[in-house]
Amino acid sequence: MTNTTLHPEWRQAAKDIAEKFKYGDLVSMVWLQEAFHLQEPKCIDEFKSYQLDFLASMDALRQELLEEHKLVLRNVRGAGYEVVEPNEQVEFAWHSAFGKVKQELGKLAGAIRNIRYDELSEEKRREHADAQAKLCGVTAFVRREGKRKTGLLKAS
């Protein structure tokens with residue numbers, strides 16, 4: 001029986017992780033580099049290309065693992081990625097996504113708050129006030145849901 005290899009490399013890596021790793025196991029950076037067939041960079045230009053290739057492969061790998069194998073990876077800074085247990089998957093996903101939502105809302109608030117108001121036309125001032133009101137509503141919703149979900153996750 002011949003051993004078939006899937007392409008692109010991240011697809012084979014997803015299959016291998018699903019078959020060979022258990023919940024809580026660490027998928028090391030070295031393992032991933034080998035699985036993606038990436039060569040260690042020797043200069044700055046190669047490093048930039050390596051980083052882009054690695055990140056693109058990781059994004060595709062994570063999506064493949066999630067959709068095809070129902071597995072999630074959690075970054076372990078400097079070491080690799082841990083296979084998240086199903087009982088922890090919702091909480092991990094919630095906190096990960098909520099952190100990104102709050103960060104983006106902060107950027108939006110800064111862009112809306114830091115404006116040369118005196119240079120806006122009357123129409124744009126109304127749009128600005130409307131945008132501020134919408135942002136307040138979204139921020140309140142996110143804050144409320146974040147607290148509610150955190151409480152539900154701790155209670156379960």
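Coordinate-derived values only; no laboratory data. The model shown is predicted, which means the values in this text are computed figures rather than measured ones. In this analysis, Cβ positions are derived from the backbone assuming ideal geometry, glycine residues included, and neighbour counts consider all displayed protein chains.
Residues L73, L66, arranged from fewest to most other Cβ atoms within 10 angstrom of their Cβ, appear as L66, L73. For the chain, the mean residue ellipticity at 222 nm estimated from helices alone is -24000 deg cm²/dmol, where every DSSP H run of n ≥ 4 contributes -39500 (n - 2.57) and the total is divided by all residues, rounded to the nearest 500. Residues of the chain were split at every exposed loop site, defined as trypsin sites (Lys or Arg not before Pro) in a DSSP loop with at most 12 other C-beta atoms within 10 angstrom, and the longest piece left, sites excluded, is 117-156. The share of C-alpha pairs in the chain whose separation exceeds 23 Å stands at 57 percent. For region 9-84, a Kirkwood radius taken over Cα pairs fed into Stokes-Einstein (10 °C, viscosity 1.306 mPa s) yields D = 126 µm²/s. Here the 3J(HN,Hα) profile of region 104-119, calculated from phi with Karplus coefficients 6.51, -1.76 and 1.60 at θ = phi - 60°, is 5, 5, x, 5, 4, 4, x, 5, 6, 6, 9, 9, 7, 4, 5, 9 Hz, Gly and Pro shown as x. Entry note, the chain: relative contact order of 21 percent, from Cα contacts under 8 Å with a spacing of 6+ residues.
Past 27 Å, Cα to Cα: identify those pairs from K22/K42; K48/K70; K70/K100; K22/K102; K100/K134, in the order given. The partial results should precede the final answer.
Values: K22/K42 34 Å; K48/K70 31 Å; K70/K100 22 Å; K22/K102 32 Å; K100/K134 19 Å.
From the list (K22/K42; K48/K70; K70/K100; K22/K102; K100/K134), the Cα-Cα distance tops 27 Å for K22/K42; K48/K70; K22/K102.
Where does each of D45, D53 land when they are ranked from fewest to most other beta-carbon atoms within 10 angstrom?
Fewest-to-most Cβ neighbours within 10 Å comes out as D45, D53.
By the count of other C-beta atoms within 10 Å, a proxy for reagent exposure, Y50, Y81 are ordered fewest to most as Y50, Y81.
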